[in-house]
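The values are calculated or read from the model by the stated rules, or taken from the named source; none is laboratory data. No experiment lies behind these values; they were computed from the predicted model shown. Every residue, glycine among them, receives a Cβ derived from its backbone with ideal geometry; neighbour counts consider all protein chains shown.
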Amino acid sequence: MKVSIVILNYNVRYFLEQCIRSVERAITSIDAEIIVIDNNSEDDSCAMVKQLFPKVRLIENKENVGFSKANNQAVAVAKGEYVCILNPDTAVGENTFLNCIKYAESINRIGILGVSLLDGTGNFLPESKRNIPTPKASFFKMVGLKKWYYANHLNQQDSGEVSVLAGAFMFMKRAVYKEVNGFDEAYFMYGEDIDLSYKVIKAGYFNHYLGTTDTLHYKGESTEKDLVYLNRFYGAMRIFYKKHFKTNTFLDVSVTLGVILAKLKKQFSFKVRKKRASETKHAYVLTENLNFYGKLSEVMNISLKSASKQIFDDGSLHNTLFIFDAEYMPYEQIFSVMNKLKNRNNTFRIRPPHCNFILGSDASDDRGTVVCFGD
């Protein structure tokens, strides 16, 4: 078997369904397996997987054991030459895994391979490629000065060696994962990807970023990005520094100050974002399915217009909601369009293949939105 895709889920049933459906499209020509490990979700995630995806291997934990332990559980039963750690709030393009395999097999002593992550607004997530988070870099990151934290020597669409990849998408040989003992289970949430990336480098491998391949990562869905995140990030960095760096009082004071300043910044940005999100004036649906269009019209509180793919040639579109039918458009084309129409106060929703719901997120730290309609 070539690839095992490991998806850790917790209470994001609809985003998980989209993730699995996108992965199924991307492995049609690959000998691959999908493993979903659920951390005791309270929604119907597990029932959905059993009903809709009988070929998916489902592991149901009876408690939330955290990111590290759960992924280690899943990789322990994986059979692929490669494993891909994938967040449930992602959607991959049709050629994602083919691209990753081709690139990985061209690099000597490849460690972890990451891809270009886009948020729900089509904007690039800079944590797709990062540097080792020294105390100085982490402090500046939390207060909004990110020059040292992110790997800016590569542009978004470049490919090359970097230090740290995002835990939302980590593609690597299963043998390398096992050699470094996988994720450190001292981390419960946040910091695990940094630690694993660093361990792989210390073991003599080279981590790489593949900027020509996009993956949608809603980011706010797997873990609600409220102010608790900052405290968890701080705790994760303390574990990382204690393990890999010398700790001291200055480190503790500087990172704590960074958390305080970041909280103030986050509260302000939340208010501004909510104001912008209410300004949508138009909504276009890109589909050939008249039944879907009709059902959606019944539940949306905004007037809908049908549109063809040619609408994207209109560079003046702004303040517009775009609803993509993934049965009509491949995910890779959807990602490309989102990237083209970003930063004009446009918002995006996707109907996954064969689904009676649309979903999306209007900011990288939002919980996301799901709208269901009749069959």
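Taking the conditions exactly as written (surrounded by fewer than 24 Cβ atoms within 10 Å (Cβ to Cβ), among the hydrophobic types (A, V, I, L, M, F, W, C) and modelled with pLDDT of 95 or more), does ILE107 satisfy them or not?
yes
When region 306-327 is examined, which residues are found to be touching a strand residue (DSSP E or B) at 6+ places or on another chain (Cβ under 9 Å), exposed (fewer than 13 other Cβ atoms within 10 Å of the Cβ) and charged (D, E, K, R)?
Residue satisfying the conditions is LYS309 alone.
Here is a list of conditions, (1) under 30 Å from ALA151 (Cα atoms); (2) crowded, with 24+ Cβ neighbours inside 10 Å, and SER45 meets all of them except one; can you say which number that is?
It fails just one condition, (1).
Which residues, taken from region 70-97, are surrounded by fewer than 18 Cβ atoms within 10 Å (Cβ to Cβ) and either within 20 Å of the chain's Cα centre (by Cα) or closer than 16 Å to ALA26 by Cα (or both)?
Correct list: GLU94, ASN95.
Just checking, how many residues over region 317-342 are among the polar types (S, T, N, Q) and either outside the structural domain of GLY360 (by TED's automatic domain parsing) or farther than 20 Å from ILE302 by Cα (or both)?
Residues meeting the conditions: 3.
In region 5-35, how many are outside any helix (DSSP H, G or I), of a type outside the set (Phe, Trp, Tyr) and touching a Pro at 6+ places or on another chain (Cβ under 9 Å)?
Step one: filter region 5-35 for residues outside any helix (DSSP H, G or I), giving 5-12, 27-35.
Of the ones still in play, those that are also of a type outside the set (Phe, Trp, Tyr) are 5-9, 11-12, 27-35.
Adding the requirement that they be touching a Pro at 6+ places or on another chain (Cβ under 9 Å) leaves 7-9, 12.
Residues that pass the stated criteria total 4.
Do the conditions hold for GLU332, that is, is it within 28 Å of ILE20 (Cβ to Cβ), modelled with pLDDT of 95 or more and under 20 Å from the mean Cα position of the chain (by Cα)?
Details: within 28 Å of ILE20 (Cβ to Cβ): yes; modelled with pLDDT of 95 or more: yes; under 20 Å from the mean Cα position of the chain (by Cα): yes.
So GLU332 passes the test.
Could you list, in sequence order, the residues of region 146-176 that are out of contact with any Leu (no Cβ under 8 Å at 6 or more places or on another chain) and in a strand (DSSP E or B)?
Across region 146-176, the qualifying residues are TYR150, GLU161, VAL164, LYS173.
GLU185 is checked against (1) crowded, with 19+ Cβ neighbours inside 10 Å; (2) at pLDDT below 95; (3) acidic (Asp, Glu) and fails just one. What number does that condition carry?
For GLU185, the failing item is (1).
Given (1) in contact with a Leu (Cβ under 6 Å, 6 or more places away or on another chain); (2) closer than 22 Å to VAL200 by Cβ; (3) in a strand (DSSP E or B), identify the lone condition not met by ASN71.
(3)
Every residue in region 147-204 that is more than 20 Å from ILE7 (Cβ to Cβ) and of a type in the set (Lys, Arg), please.
Within region 147-204, LYS147, LYS199, LYS202 meet the criteria.
For region 55-68, state whether one or more residues are in contact (Cβ under 8 Å) with a residue 24 or more places away in the chain, surrounded by 21 or more Cβ atoms within 10 Å (Cβ to Cβ) and not assigned by TED's automatic domain parsing to the domain that holds ARG349.
Within region 55-68, one or more residues are in contact (Cβ under 8 Å) with a residue 24 or more places away in the chain, surrounded by 21 or more Cβ atoms within 10 Å (Cβ to Cβ) and not assigned by TED's automatic domain parsing to the domain that holds ARG349.
Listed residues GLY144, GLY211, GLY167; which is at positive phi and either surrounded by fewer than 22 Cβ atoms within 10 Å (Cβ to Cβ) or modelled with pLDDT of 65 or more (or both)?
Result: GLY144 is the single residue among GLY144, GLY211, GLY167 that is at positive phi and either surrounded by fewer than 22 Cβ atoms within 10 Å (Cβ to Cβ) or modelled with pLDDT of 65 or more (or both).
Can you report the number of residues in region 154-174 which are small (Gly, Ala, Ser), out of contact with any His (no Cβ under 8 Å at 6 or more places or on another chain) and touching a residue at least 60 places away in the same chain (Cβ under 8 Å)? Explain how you work it out, then say what you get.
The first filter runs over region 154-174 and keeps only residues small (Gly, Ala, Ser), leaving 159-160, 163, 166-168.
Among the residues that remain, those that are also out of contact with any His (no Cβ under 8 Å at 6 or more places or on another chain) are: 163, 167.
Filter again for touching a residue at least 60 places away in the same chain (Cβ under 8 Å), leaving 167.
So the answer is 1.
Quick grid of which residues meet (1) within 20 Å of the chain's Cα centre (by Cα); (2) not in a helix (DSSP H, G or I):
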{"residue": "SER316", "(1), (2)": "no, yes"}
{"residue": "GLU327", "(1), (2)": "no, yes"}
{"residue": "MET338", "(1), (2)": "yes, no"}
{"residue": "ILE350", "(1), (2)": "yes, yes"}
{"residue": "ALA363", "(1), (2)": "yes, yes"}
{"residue": "ARG367", "(1), (2)": "yes, yes"}
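Can you spot a residue in region 36-46 that is in a helix (DSSP H, G or I), of a type in the set (D, E, K, R) and modelled with pLDDT of 95 or more?
no
Among the candidates PHE357, PHE348, PHE335, single out the residue that is among the hydrophobic types (A, V, I, L, M, F, W, C) and in contact with a Cys (Cβ under 6 Å, 6 or more places away or on another chain).
On the way: PHE348 fails: in contact with a Cys (Cβ under 6 Å, 6 or more places away or on another chain); PHE335 fails: in contact with a Cys (Cβ under 6 Å, 6 or more places away or on another chain).
Criteria check complete, one pass: PHE357.
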